[in-house]
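Here is the structure we will look at.
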Amino acid sequence: MLKQKHTYGTIARNLLRWKNNLRNKSLVGQDIDDEKFRNNLMEYNIQRQLGYDPTVCHVPMRSLYFGFGGIVTACCFNRHYELGRFPENTIEEIINGEKRKLLQQHLDKTDFSLGCKFCKDMIYSGDYMSVGARFTDIFPPQGAMPSEMVFELDNTCNLRCKMCNAKFSSAHDEGRRTVAPYDNEDFINQLKPFVPHLVETKFLGGEPFLSDIYPKIWELIIELNPKCKIRVQSNGTILNDKLKDILKRGNFQIGLSIDTLNPERYATIRNGAKIEKTLVNLEFFNQISRKNGENMSISVCPMKENRFDIPELVKFCNDNDIFIYFNDVSTEGYTLGELSEQELDELATFYKGSAPKANNSISRYNGKVFSNLIRKVEYLKECAVRKRYKDEKIPYTRIELERKIAEIMSENPNFRYDNAIFLRIPEKFNVKRRIIDGMNIQQLTSFFEMSAEEQNKFINDNFSNK
């Protein structure tokens with residue numbers, strides 16, 4: 001029955017996708033001047049589940065994210081544009097507030113300026129499968145009523161993962177938990193009117209299976225809306241009888257965070273956890289997800305340390321009918337973007353030669369996700385090339401510099417500066433290309449407003465014969 005239901009749903013989505021492609025393709029990106037971004041936006045729309053959509057993101061009016069400290073935003077990828085704060089604002093006030101509508105209006109115009117930099121960067125880099133906006137495309141519009149709620153309320157965790165920090169793991173901060181102001185019955189009571197309308201919920205951490213408040217919300221969902229999907233992102237190390245009981249009763253889909261199958265590297269990255277135990281627990285989580293007509297997922301943090309283990313993880317997921325996703329790592333010291341141009345080129349070549357074969361819908365999906373990671377690595381290489389170009393030192397002369405400054409100043413005739421400053425600059429020097437190419441009136445104004453000591457330091461640091 002599940003398979004038949006899935007087939008009917010697939011046919012309906014394909015028909016809607018065909019209709020959207022026919023009707024909306026010409027509307028996508030028409031007002032965007034950046035040719036690369038416009039082309040990438042078109043490619044991104046091809047990969048969207050419902051095809052071309054002139055609205056780049058439906059998250060603001062379909063989803064709600066409850067974050068640490070009472071902050072409420074549209075999603076976990078945009079933690080900057082606040083829709084409100086609990087308990088200063090009630091959940092109802094936040095849902096019906098003007099800020100949600102304003103954010104949606106901006107995104108309707110492909111305007112990412114209200115804190116939506118992450119998804120814009122993912123589209124620009126070609127990593128389309130990591131774009132957070134795509135996950136709400138298939139949720140039904142319900143006016144102001146959210147179809148999805150994402151909860152990141154509690155940072156209680158048992159692991160001190162290398163790429164993590166105290167904000168997301170209490171283990172990094174001597175066990176200090178962040179759960180207030182949600183740890184009260186008022187929050188649960190305010191959720192009650194909205195739970196029956198939810199299609200999906202997500203629970204992040206910390207480690208969600210160690211939280212005291214999450215089980216209360218799960219019980220509420222099981223009572224008021226048992227068909228609602230409950231997606232939990234776990235490190236996979238926690239499993240006990242109490243947890244098994246509630247997992248068997250709810251419509252759970254489990255995602256595990258696993259960055260490598262190599263036992264030594266896993267123990268190092270996950271700070272003492274054992275991959276053998278996690279994989280045993282995975283079997284139970286997989287059974288729960290399948291019982292509810294879902295396939296579980298594995299989220300991976302591609303980092304310098306585990307970068308060559310990624311193809312093995314993709315193959316493992318393919319062999320076990322598990323979806324794979326790749327997180328964007330920003331922790332200094334671990335990001336792929338810190339690799340050299342040569343290392344990134346070698347990594348892209350390795351990935352292209354190691355792509356696991358696809359033989360069903362899940363492995364084909366995972367192949368798309370892996371292909372997007374390859375595009376991301378190639379984009380990072382392009383960034384490294386541009387950085388090398390901009391950091392390259394080029395020979396320059398004082399006369400050439402005077403001419404360039406005079407040209408910029410000619411557009412601002414009211415601005416005055418002391419020409420004697422050029423006497424402090426060598427007649428011939430080497431300078432980074434980025435200094436010359438990026439020179440504008442704002443930078444020059446700042447320079448001329450510096451003290452003589454600050455100006456001399458800038459000249460010595462940037463205009464030298466070295």
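General observations
- As a fraction of the 1.4 Å probe accessible area of the chain, surface on carbon and sulfur atoms comes out at 51 percent.
- Of LYS315/LYS387; LYS291/LYS368; LYS36/LYS117; LYS120/LYS216; LYS162/LYS381, pairs whose Cα-Cα distance is over 28 Å: LYS315/LYS387; LYS120/LYS216
- If the segment from LYS457 to LEU27 were pulled out straight at 0.36 nm per residue, it would be longer than the present Cα-Cα gap by 149.7 nm.
- Leading residue at positive end of dipole, segment 141-203 (Cβ point charges), from GLY175, PHE194, ALA144: GLY175
- Spatial extent of the chain: Rg and Dmax, with the Cα atoms as the point set, Å: 25.9, 84
- Within the shell of other residues whose beta carbon sits under 15 angstrom from the beta carbon of TYR266, the net charge comes to +1, with Lys and Arg scored +1 and Asp and Glu -1.
- Under the shape rule built on the C-alpha gyration tensor, where the axes satisfy a ≥ b ≥ c, segment 1-154 is oblate, since a/c reaches at least 1.5 while a/b does not exceed b/c.
- Cα-centred dipole magnitude for the chain, charges only on beta-carbon of K, R (+1) and D, E (-1), debye, nearest 20: 1380 debye
- Computed helical MRE - 222 nm, the chain, DSSP H runs ≥ 4 contributing -39500 (n - 2.57), nearest 500: -13500 deg cm²/dmol
- Calculated from backbone phi, Karplus (6.51, -1.76, 1.60) coupling profile of segment 197-211 in Hz, x at Gly/Pro: 9, 6, 8, 8, 9, 10, 10, 10, x, x, 9, x, 7, 10, 6
- Among 386-398, 149-161, the order from most to least packed when residues are scored by Cβ within 10 Å on average: 149-161, 386-398
- Phi-based couplings in Hz for segment 403-415 (Karplus 6.51, -1.76, 1.60; Gly and Pro marked x): 5, 5, 5, 4, 5, 5, 6, 5, 7, 9, x, 7, 7
- Spin-label pair THR397/LYS242, simplified geometry with 7 Å Cα→Cβ offset, distance in nm: 8.0 nm
- Separation of the ASN327 and ASN465 label points, Cα + 7 Å toward Cβ, nm: 5.2 nm
- Two-site FRET efficiency, SER354 against ASP173, from Cβ-Cβ distance with R₀ of 41 Å, rounded to 0.05: 0.60
- Magnitude of the charge dipole for segment 122-277, about its Cα centre and with charges confined to Cβ atoms of Lys, Arg (+1) and Asp, Glu (-1), is about 380 debye.
- Rounded to the nearest 10 degrees, the angle from helix 98-108 to the longest Cα principal axis of the chain is 70 degrees.
- Candidate aspartates and glutamates - alpha carbon under 16 Å from LYS167, same-chain residues fewer than 8 apart omitted: GLU152, ASP154, GLU207, GLU332
- Counting only Cβ charges, +1 for Lys and Arg and -1 for Asp and Glu, the dipole size of segment 25-88 around its Cα centre is about 240 debye.
The values are calculated or read from the model by the stated rules, or taken from the named source; none is laboratory data. Small disclaimer: the values here were computed from a predicted structure and weren't measured. So basically every Cβ, Gly included, is an ideal-geometry build from the backbone, and we count neighbours across all protein chains shown. To get the accessible areas, we keep the full protein, side chains included, count just its heavy atoms, and leave off ligands, DNA and RNA. Shrake-Rupley method; radii C 1.70, N 1.55, O 1.52, S 1.80 Å.
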